[in-house]
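Notes for the one structure printed next.
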C-alpha cells in the first residue's frame, strides 16, 4: 500500500446544516466553518449552491463563501447544475461537488430527474468548469437506497464507469447515504471501482453515515482498500429530525480519534474539534450523534 | 487467511447484569439467556461465580446454571479463584473465564491483588481443572487502563507470554476494558501476541466496548488479524450508571449486522436478537448503547 495520509472532508456545513429546518444565522454558520478550519480540518464542504426555494437554509451561500475564502482549508460546495456551478465559481469556490444517485428512485426524489439526465448534467457542469477548478462526483446510494433497498454492486460499478468516462480526473465519492452499508461491502465496492481501467486517473472518497454503528468501521474498510478522503460531520450532525434515533454523518471526532490515536495523524486537533462539535450540537433543531463528545471526562487527555 | 467464521460470545448476562445494582429476578435472567440462545448465540457467558457479598447480582448463579445447561450454546462463567472454579464446575459449567488486568492499578481495584498474585491464581485454577473443562483467560486493560491511561504494548505482550506459558491451550481474550482502544492498535497487538512462539496452541478472542464509537471497527481489526471470537452484549448493556454517556460492551446486534450482512454469517437471527435486546434494554437501572435497536423502522428487513 502506498504511503497514505487520511484527509477529513468536513461536511457538517452542507449535509448537516441542510438537515436543520430552522434558519441558522449566517454569522453562526461562518463562525462554525472558521472554527472547523482553525481546528485543522483540511477540507470543508461549505454548503450547496441550490435554489433558495428548494433549500432555504442555503440562501446565504455567497455571503458565507466570501467570509471563509482565503483560509488554509480546501473549500468545496455542492452544485446541482450549471447555474449552481456558475454561482459557486462567482463566489470564489473552485471545488464543486456534483451529486447523483445510482438508484433511480432516490435520484428522482433528491434531484428531480433520472440518472441519465443527471449524467448529462454532469457533462454540462464539467464542460462549464474553468481549467483550474476541481470537480468531485458524489455517487449517492452506492450501497443502499431508502426506497429500493440494497443497490446491486453491478449497478454501482457501471455508474462509476460512466462517471469516469465523462470526467476522468474527478474525485469520485461512494456515498453510504443511509448508513446501512457494512464494512465488507464497502471494501469490496471500492476495490471493484478502483480496478476499472476507466478510473485510473480518478481520486476517491468515502462518504458515510453512522446509522447502524458502522461509521468508523466502514471508513476504515475504505481506507484498507486505498481510499484516503473521508466525509464526516462534527457532532455527527445530519440525522433526520423525522426518524428518531437515526443518526447523521459519521462523527468527525470519532473517525479522527481512530486515525490520530492509531498513528495516522489527520492534522486535526481533537480537543479544538470537540469544542466546535459542542457548538454544532447546540444548534436548535439539529439531530446529532457520535460518541467522543458525550464522554466529557476524557477531554483533557486528547492532545 | 484461513477460512474463518465469526463466533459471538454474548456477555450481557455477565458484564451487563453486573453493571446493574438493582436485583434482576432470577427468572428474568434465565429467560433472557434462553432467548439469547434461541436467537442463535453460539456462546454465552452466563455470569460470575464470585462472592455474593462482592457482587450481589451474581448470588443466584447455581440456579441460573441449572436452568440453562443442556441448551445448544457453549456456556461459560467468570471465576476469580479456585473456589469460584469449583462452584462453577459443581453447577455444571465447564468453561471457566479467569480475569486479570495488565495494569497493576486496575487489577488491584478489580480483583484485590497484584498481577503476580493473579498469575499464581491462574496456575492454581488451571491445576484444579478436570481434563474436559475449558479455560479462557481474559486479559483486561490490554490497551487502556482507567487509572493508568495507555497500557504499553510491551507490558501486554509480556503478560500474554506469561499466560501462554502457564496455560498453553487456553483461549486468550485481549480486553479493551474502557473502550478507548483504536482499530490500528487492536490489530497490531493481536498480531504481536499471536506471533509469540509461546502462544502457538492458544485460541484468541477480542472483548470490546463502544465508548468512543470504535466497537465494530475494533472487532473487525481483530478479525483482520485472525481473531474469530468476539465478546459483545445485546443492547450494548454494561455502561457505568455513574459515567453519563459512557456506553458498555459493543452491542451484539451492531457487530452481527456487520458480519451477517457482510457475508460472514454468525448464525444469529438478527430480528430475534433485537427482540431480546429490547427486553434487556427494559431492565430497570441498565445503561444501554448500540445503534441497530434504535432505528426500529428497519427491523422487517433483517432476515
### Query
Which distances, shortest first and in nm, link residue B:108 to the matching position in the other copies, using label points set 7 Å out along Cα to C-beta?
7.0
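Given an 8 Å cut-off on Cα distances and at least 6 residues of separation, report the relative contact order of the range A:7-301 as a percent.
18 percent
Can you show me the helix-derived [θ] at 222 nm for chain A, built from DSSP H runs with n ≥ 4 at -39,500 (n - 2.57) apiece and divided by the number of residues, rounded to the nearest 500.
Value at 222 nm, helices only, nearest 500: -11500 deg cm²/dmol.
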## Note on the structure
Counting every C-alpha pair in the range A:64-145, the percent lying more than 16 Å apart is 51 percent
### Query
Roughly how compact is the protein assembly as shown, stated as its Cα Rg over 2.2 N^0.38 Å to two decimals?
1.00
### Query
Tell me, A:189, B:108 in order of fewest to most beta-carbon neighbours within 10 Å?
B:108, A:189
### Which of B:9, A:41, B:175 has the fewest Cβ neighbours within 10 Å, and the rest in rising order
B:175, B:9, A:41
### Förster-model FRET efficiency, 56 Å R0, residue A:271 and residue B:4, C-beta, rounded to 0.05
0.90
#### Entry: Per-residue average of Cβ from other chains inside 10 Å of A:256-263
6
### Summary
When A:51, B:48 are arranged by how many other beta-carbons sit within 10 Å of their Cβ, fewest first, they go A:51, B:48
### Inter-chain shielding of B:204-216 (mean C-beta neighbours from other protein chains, 10 Å cut-off)
5
#### Entry: Most mobile listed residue (A:150, A:252, A:177) in chain A, GNM with C-alpha springs under 10 Å
A:150
#### Entry: Residue of chain A whose Cβ sits closest to the axis mapping A onto B, with distance in whole Å
A:217, 2
### Message
Once the label point is set 7 Å along the Cα-to-beta-carbon vector, what list of distances in nm do you get between residue B:26 and its counterparts in the other copies?
### Response
7.1
### Message
Give me the one-decimal nm value for the distance between modelled label points at residue A:198 and residue A:134, 7 Å along each residue's Cα-to-Cβ direction.
### Response
2.4 nm
### chain A: most fluctuating residue of A:137, A:163, A:111 per GNM, C-alpha cutoff 10 Å
A:111
### Task
Report the antiparallel proportion of the DSSP beta bridges in the range A:7-301 as a percent, rounded to a multiple of 5.
10 percent
### Task
Pull up the DSSP beta bridges for the protein assembly as shown and report the antiparallel fraction as a percent, rounded to 5.
10 percent
### Task
In a Gaussian network model over chain A where Cα atoms closer than 10 Å are linked, find which of A:238, A:131, A:226 has the largest mean-square fluctuation.
A:131
### Per-selection Kirkwood Rh - chain B (Cα, Å, 1 d.p.)
19.0 Å
### Query
Nm distances between the label at residue A:264 and the same-position labels in the remaining copies, 7 Å along Cα→Cβ, shortest first?
1.7
### Task
Take the Cβ-Cβ distance between residue B:69 and residue B:282 as r, set R0 to 25 Å, and report the resulting FRET efficiency rounded to the nearest 0.05.
0.45
### Task
Kindly list the residues of the range B:32-62 that lie in the label zone of residue B:26, defined by a backbone N under 17 Å from the point 7 Å along the Cα-to-C-beta vector.
B:32-34, B:46-53, B:55-62
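Every number in this text was worked out from the coordinates using simple rules, so none of it is lab data. Remember, it's a predicted structure, so these values are computed and weren't measured experimentally. All Cβ positions, glycine included, derive from the backbone under ideal geometry; neighbour counts span all protein chains shown.
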